[in-house]
Structures are given as C-alpha cells and as structure tokens.
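First the structure, in the form of structure tokens, and then the observations on it.
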Amino acid sequence: MSALLSVRGLTAGYGGPPIIEDVSFDVEEHEIAVILGPNGAGKSTVLKTIFALTSIASGIIDFAGTNLATCKTSKLVTLGVSAVPQSSNVFRHLTVEENFDVGTYAAPPADKAATHEKVLQLFPDLRAKLKQPAGELSGGQRQMVAIGRALMCEPKLILLDEPTAGLSPAYLERIFDLLLDIRQTGVTILMVEQNARQALQIADHGHVLVNGRNFASGTGKDLLADENVRRSFLGGAAA
C-alpha cells in the first residue's frame, strides 16, 4: 500500500493561537486510520484543516499529489475527498433519498443509479425509508444517511468526525462493522473517534494527539498493546 494522504508539519487553528502544531502522519490507500486523544487534543481540528475549514499557518497536506493546504473546500469533493461532521450532518427536512441526491451535486457519479444501489447495499436499513424525512430517523439511522450521502460522490477518502457519538451500544457496533464494509469497497477512511478501544480494534493505523501535537502512531494492534497508550487512553487494562 502507498500513502494516499500525507500530512507534514501541519500547524493550524481558527485565527488565534494554533490548535494543532507540527502534526504529521500518513494514511495509506484502502485503510482505516483513526485519530485519538483526550478532549481538546485537536483531533477534529485536524479533520477540519484537511477539509479547508481552518487557518493553516504551515505544513503540507498531500492528497494523491495535490496539496490540499492550498485548496478551497468547494474543490475537495471533486478531488475525491468527502466529509461527515459530528453534528448537523443530515438535512432533516429532506427525505433519505433527497439527502443522497445532495451528495451527488458537487461531483456526480458516473452511474448515479448504480452508486445509489451500492450505498443501499451497505445500509439496507435505509431501503424502506427512502421517502421518509431524515429527521424522523433514529440517531444511528441518521448517521447511516450522512455516511451514505458522503459516499454518493464516490470518494477516494472519507473523513468522519466521531461517527459513533451519541449512539446506543448496538448501533455503535453496527457503525464500526459498516466502516469495515466501506473499506472493502476501496474507500479510505480517516476518522476521529472517542471510543478508542473499539476504534483501534478495526483500525489499520492509529494516531494519538495530545495538546495538539503527535503523541504516538502505530498499527491498531500495536497501540492497543502500548502501555503508555493503554494507561492514558484505554483505561489502563491490557487489550
């Protein structure tokens, strides 16, 4: 595998003091990578910076040969980068099918019907709810709609900010299983996740941030076994 996304020396914030400083990591093609760390570590800021939603002071974000640090958000979907924010990530008054349609506007798929069917195969629970407003669905189902909409533009990379936040334990497990299914379709996933142990169990690689800086990186298996990571972020127990 080769690095689809390479972040080097990234320092960024929201106009004041930087939130992340000198952050570097790689995301290989067709893998699941997870960014972990305590609250306030800058995890979501990394995703927002990749998606051109912060002020970059320095650094490079190389995505398939293009430096995203110089790109506008409006261009990223056409390059193959899609994102799902943590909250307000569906159009609640639109139907599920209309939400999916919105996902095709910036970068229409070559075969919209075929892509629509692929998404429904990943999220079969939504097939019977296509005409239902997204706001009437459960939290787990709305998250499926948000991820499904992001997949409608056939991205190479999808950015997920806390995809299991606020979900029941049953839906948490289902979302993690679905992420494995999405990876099998060839989509690379970079996500921020507070459920660290479960995320590392499905992740190919993990990257831990503390105070806006790199703390540790490794395979999901290695980080689960790392004593410092276990003690600081996984409750101290061996995996």
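No value in this document is a laboratory result; all are computed from the given coordinates. Because the structure is predicted, anything quoted here is derived from the model rather than measured. Don't worry about glycine lacking a Cβ; one is built from the backbone with ideal geometry, like all the others, and counts go over all protein chains shown.
Under 5 Å from the amide H of I20 lie the amide H atoms of A12, each residue being 5 or more positions distant or on a separate chain, with H modelled from the backbone and absent for Pro and chain starts.
Between the helical axis of 169-184 and the longest alpha-carbon principal axis of the chain there is an angle of about 90 degrees. For region 226-232, backbone phi angles converted through the Karplus equation (6.51, -1.76, 1.60; θ = phi - 60°) give residue-by-residue couplings of 6, 4, 5, 5, 4, 5, 8 Hz, Gly and Pro being listed as x.
In terms of its C-alpha gyration tensor, region 135-214 has an oblate overall shape, because the principal axis ratio a/c (a ≥ b ≥ c, square roots of the eigenvalues) is not below 1.5 and a/b does not outweigh b/c. Ordering A52, S2, V23 by Cα displacement along the dipole of the chain toward the positive end leaves A52 in first place; charges were set at the Cβ atoms of Lys, Arg (+1) and Asp, Glu (-1).
Projecting label points 7 angstrom from Cα along Cα→Cβ for A64 and A170 puts them 3.8 nm apart.
Centre-to-centre, using Cα atoms only, region 21-79 and region 128-158 are separated by 23 Å. For S58, the residues whose amide H sits under 5 Å from its own are T11, ignoring neighbours fewer than 5 places away on the same chain, with H placed 1.01 Å from N. Here the dipole of the chain is about 440 debye; that uses its Cα centre as origin and unit charges on the Cβ of Lys and Arg (positive) and Asp and Glu (negative).
Could you put M152, M144 in order, starting from the residue whose Cβ has the fewest other Cβ atoms within 10 Å?
M152, M144
Seen from S82, the other residues with C-beta closer than 10 Å to its C-beta sum to a net charge of +1, counting Lys and Arg as +1 and Asp and Glu as -1.
With a cut-off of 14 Å between beta carbons, the residues surrounding Q184 carry a summed charge of -3, where Lys and Arg count +1 and Asp and Glu -1.
For L10, what is the net charge nearby, where nearby means another residue's Cβ is under 9 Å from its Cβ and Lys, Arg count +1, Asp, Glu -1?
It works out to a net charge of -1.
Rounded to the nearest 10 degrees, the angle from helix 139-151 to the longest Cα principal axis of the chain is 90 degrees.
Residues whose amide H lies under 5 Å from that of G37, counting only those 5 or more places away or on a different chain, are L209; hydrogens are built 1.01 Å from N in the peptide plane. Scalar couplings 3J(HN,Hα) for region 33-42, obtained by applying the Karplus form with A = 6.51, B = -1.76, C = 1.60 to θ = phi - 60°, are 10, 10, 9, 10, x, x, 4, x, 6, x Hz; x denotes Gly and Pro.
Taking a ≥ b ≥ c as the square roots of the Cα gyration tensor eigenvalues, with a/c under 1.5 meaning rounded and otherwise prolate when a/b beats b/c, else oblate, which class fits region 12-127? Note, shape of region 12-127 comes out prolate. Fewest neighbouring Cβ atoms within 10 Å first, the residues H116, H207 line up as H116, H207. Shown in residue order for region 100-110 are the 3J(HN,Hα) couplings computed by the Karplus curve 6.51 cos²θ - 1.76 cosθ + 1.60 at θ = phi - 60°: 4, 4, 4, x, 9, 5, 6, 9, x, x, 4 Hz (x for Gly and Pro).
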